[in-house]
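Asks: Pasting a structure below so you can have a look.
The values are calculated or read from the model by the stated rules, or taken from the named source; none is laboratory data. On a predicted model such as this, the values are computed, not experimentally measured, just so you know. Cβ placement follows ideal geometry from the backbone for every residue including glycine, while neighbour counts extend to all protein chains displayed.
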Amino acid sequence: MTTDPWKQMREQMPVVAHASYLDHAAVAPLSGPAADRVTRWNQEASEQGDLIWPKWAAEVERIRQTAASMINAKLDEIAFVGNTTMGIHFVAEGFPWTDGDNVVTFSNEFPTNAYPWLNLASRGVEARLVSVDGPVPDINRLFDTCDDRTRLISISWVSFSSGWRLDLKPIIQEAHRRGILVMVDAIQGLGVFPLDTKYLDVDFVAADGHKWMLGPEGAGLFYLKKEHLSTLRPLGVGWSSVARSFDFDTLDWTPRNEARRYEGGSVNMVGILALGASLELLISKGTSPASSAVGERVIQLTETACDRLINAGAELFTDRTPGHESGIVSFDVPGSDLKAIRREATARNIALSHRGGRLRISPHAYNNSSDFDGLIEIIESGSLG
């Protein structure tokens, strides 16, 4: 049996027998442990129905603790959500806006981190989109756009298009100095790179689990600093939002004094259980709030990919400044039809994306250099111009 942690991880990713999977920034394949948990859940649900529900509920709470530990959060600061969009909406729609307020974000954000803010126009709230030239956003420009009516800044930790990873600490510090709260879309980094909510003093974080956390779609995390339970108006409320959640015969609107108030009804039980299995895998390979061997491995792999892409004639759009790298590499192939390259790659079971007029690869820690071979061969052939 191998002692190499990445070979061990690779053995727990069934996709490697079928594809060179370089698209974790889109939708990741399920890890073996997650797939096994789904299979076991199917059997449990079909054979035992509601009889096993208490066991599942206890497992969900253990997973909540796992998720909280991974980002150095308190247990009562974590809610399970269906997707990143839901977490952002809890903030956008629950915040105590007044007419004339504004929220600031970048113009190159994924639509999930733009539309919820633009949707506030009918409530008299302005969404200010800060222009971004090239792969690196200008933080000075971000704060120059703020004024005394800016209540919130909403930013992606890692850009879905360029792969630039923000240094969150100084941004959050400056925002708080100005009395501005910060929402972080962490979907393109959480599970791979270290994120410590207490060190950062971040206000809100949302991330679905179907990318770098190797979970299924429909099961993600929403973090809010405990003090903001009194800031946000509860949304999506239901029987599970209240303190006496299992007293169905008494109506007592006393919300839970914890993030679970946002889990209004029955949760995606199978999705959360599968996500938990993948989180345990990632943590066992070194993901933690302070450091991450998984992240270091991903950066090593993307450095290898960048070198090979450049040698094959590609031009990188991604900026690889140390400390700002991520698992995302965006590039062009001059003289080639990028969509044709992607079609050919897909036909060869090589998964990658076409975003922002460029190709994008996003390997995970279980990948190895051989997974790049097919793509490099397609690019070097020069036959798709």
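Asks: Would you point out which residue out of GLU325, GLU280 is surrounded by 14 or more Cβ atoms within 10 Å (Cβ to Cβ), at negative phi and part of a loop (DSSP other than H, G, I, E, B)?
Replies: GLU325
Asks: Okay, next question. Which residue pairs have Cβ atoms under 6 Å apart, sit 6 or more places apart or on different chains, and have a first residue in segment 57-73 that is on the phi > 0 side of the Ramachandran plot and a second that is buried (at least 16 other Cβ atoms within 10 Å of the Cβ) and assigned to a loop (DSSP other than H, G, I, E, B)?
Replies: Pairs that qualify, where the first residue is on the phi > 0 side of the Ramachandran plot and the partner is buried (at least 16 other Cβ atoms within 10 Å of the Cβ) and assigned to a loop (DSSP other than H, G, I, E, B), are ASN72/ASP196; ASN72/PRO289.
Asks: Right, here's the next one. So, in segment 316-330, exactly how many residues are of a type in the set (A, V, I, L, M) and in contact with a Phe, Trp or Tyr (Cβ under 8 Å, 6 or more places away or on another chain)?
Replies: Going through segment 316-330 one residue at a time, the tally reaches 2.
Asks: Let me ask something else about it. Name the residues in segment 41-60 that are surrounded by 11 or more Cβ atoms within 10 Å (Cβ to Cβ) and either in contact with a Pro (Cβ under 8 Å, 6 or more places away or on another chain) or within 24 Å of LEU224 (Cβ to Cβ) (or both), would you?
Replies: Answer for segment 41-60, where residues must be surrounded by 11 or more Cβ atoms within 10 Å (Cβ to Cβ) and either in contact with a Pro (Cβ under 8 Å, 6 or more places away or on another chain) or within 24 Å of LEU224 (Cβ to Cβ) (or both): ALA57, GLU59, VAL60.
Asks: Do any residues in segment 280-294 that are over 17 Å from LEU168 (Cβ atoms) have Cβ atoms under 8 Å from those of residues that are among the charged types (D, E, K, R) and in a loop (DSSP other than H, G, I, E, B), where the two are at least six apart or on different chains, and which pairs are they?
Replies: Listed pairs, sorted by first residue: ALA293/LYS285; VAL294/LYS285.
Asks: Oh, and also: Evaluate segment 17-36: report whether one residue or more is more than 24 Å from the chain's Cα centre (by Cα), exposed (fewer than 15 other Cβ atoms within 10 Å of the Cβ) and under 30 Å from ARG342 (Cβ atoms). Step through it out loud before you land on a result.
Replies: Just the residues of segment 17-36 that are more than 24 Å from the chain's Cα centre (by Cα), to begin with: 17-18.
In the following step, the residues that additionally are exposed (fewer than 15 other Cβ atoms within 10 Å of the Cβ) were identified as 17-18.
Of the ones still in play, those that are also under 30 Å from ARG342 (Cβ atoms) are 17-18.
Yes, some residue in segment 17-36 is more than 24 Å from the chain's Cα centre (by Cα), exposed (fewer than 15 other Cβ atoms within 10 Å of the Cβ) and under 30 Å from ARG342 (Cβ atoms).
Asks: Can I ask one more? Residues that are out of contact with any strand residue (DSSP E or B) (no Cβ under 7 Å at 6 or more places or on another chain), surrounded by fewer than 24 Cβ atoms within 10 Å (Cβ to Cβ), of a type outside the set (S, T, N, Q) and not assigned by TED's automatic domain parsing to the domain that holds SER330: does segment 201-213 have at least one?
Replies: For segment 201-213, residues out of contact with any strand residue (DSSP E or B) (no Cβ under 7 Å at 6 or more places or on another chain), surrounded by fewer than 24 Cβ atoms within 10 Å (Cβ to Cβ), of a type outside the set (S, T, N, Q) and not assigned by TED's automatic domain parsing to the domain that holds SER330: present.
Asks: Taking the options VAL270, VAL298, name whichever one is aliphatic (A, V, I, L, M), assigned to a helix (DSSP H, G or I), modelled with pLDDT of 95 or more and buried (at least 23 other Cβ atoms within 10 Å of the Cβ).
Replies: Numbers: VAL270 fails: buried (at least 23 other Cβ atoms within 10 Å of the Cβ).
Testing whether each residue is aliphatic (A, V, I, L, M), assigned to a helix (DSSP H, G or I), modelled with pLDDT of 95 or more and buried (at least 23 other Cβ atoms within 10 Å of the Cβ) leaves just VAL298.
Asks: With the condition kept exactly as written, say whether any residue in segment 280-293 is at pLDDT 95 or above and basic (Lys, Arg).
Replies: Yes, segment 280-293 contains a residue that is at pLDDT 95 or above and basic (Lys, Arg).
Asks: Something else: Can you tell me which residue is surrounded by the fewest Cβ atoms within 10 Å (Cβ to Cβ) among those in segment 230-250 that are among the aliphatic types (A, V, I, L, M) and touching a strand residue (DSSP E or B) at 6+ places or on another chain (Cβ under 8 Å)?
Replies: We begin by selecting, within segment 230-250, every residue among the aliphatic types (A, V, I, L, M); these are 232, 235, 237, 242-243.
Cutting the leftovers down to touching a strand residue (DSSP E or B) at 6+ places or on another chain (Cβ under 8 Å) gives us 232, 237, 242-243.
On the way: LEU232: 18, VAL237: 16, VAL242: 20, ALA243: 13.
In this case the residue turns out to be ALA243.
Asks: Please work out if ALA68 is hydrophobic (A, V, I, L, M, F, W, C), farther than 16 Å from LEU190 by Cα and part of a helix (DSSP H, G or I).
Replies: No.
Asks: If I filter segment 188-196 for residues that are touching an Asp or Glu at 6+ places or on another chain (Cβ under 8 Å), at pLDDT 95 or above, hydrophobic (A, V, I, L, M, F, W, C) and assigned to a strand (DSSP E or B), do I get at least one hit?
Replies: no
Asks: Anything in segment 96-126 that is assigned to a loop (DSSP other than H, G, I, E, B) and either touching a residue at least 40 places away in the same chain (Cβ under 8 Å) or aliphatic (A, V, I, L, M) (or both)? List them, or say none.
Replies: If the condition is that a residue be assigned to a loop (DSSP other than H, G, I, E, B) and either touching a residue at least 40 places away in the same chain (Cβ under 8 Å) or aliphatic (A, V, I, L, M) (or both), then PRO96, TRP97, GLY100, ASP101, ASN108, GLU109, PHE110, ALA114, VAL125 are the ones that fit.
Asks: Continuing with the same structure: Sort out which residues of segment 137-167 are in contact with a helix residue (DSSP H, G or I) (Cβ under 7 Å, 6 or more places away or on another chain), of a type outside the set (A, V, I, L, M) and buried (at least 22 other Cβ atoms within 10 Å of the Cβ), and write them in order of number.
Replies: Result: SER154, SER156, TRP157.
Asks: Using the structure shown, decide if ILE171 is part of a helix (DSSP H, G or I), surrounded by 15 or more Cβ atoms within 10 Å (Cβ to Cβ), among the hydrophobic types (A, V, I, L, M, F, W, C) and not assigned by TED's automatic domain parsing to the domain that holds HIS354.
Replies: When the stated conditions are applied, ILE171 passes them.
Asks: Only one residue in ASP307, ASP371 is touching a residue at least 12 places away in the same chain (Cβ under 8 Å), outside the structural domain of TRP212 (by TED's automatic domain parsing) and either of a type in the set (Asp, Glu) or not in a loop (DSSP other than H, G, I, E, B) (or both). Which one? If you could, list the steps in order and put the result at the bottom.
Replies: Numbers: ASP307 fails: touching a residue at least 12 places away in the same chain (Cβ under 8 Å).
Of ASP307, ASP371, the one residue that is touching a residue at least 12 places away in the same chain (Cβ under 8 Å), outside the structural domain of TRP212 (by TED's automatic domain parsing) and either of a type in the set (Asp, Glu) or not in a loop (DSSP other than H, G, I, E, B) (or both) is ASP371.
Asks: Go through segment 127-152 and report how many residues are within 27 Å of ARG360 (Cα to Cα) and assigned to a strand (DSSP E or B).
Replies: Within segment 127-152, residues that are within 27 Å of ARG360 (Cα to Cα) and assigned to a strand (DSSP E or B) number 2.
Asks: Taking segment 238-273 only, how many residues are within 30 Å of LEU30 (Cα to Cα) and of a type in the set (A, V, I, L, M)?
Replies: 6
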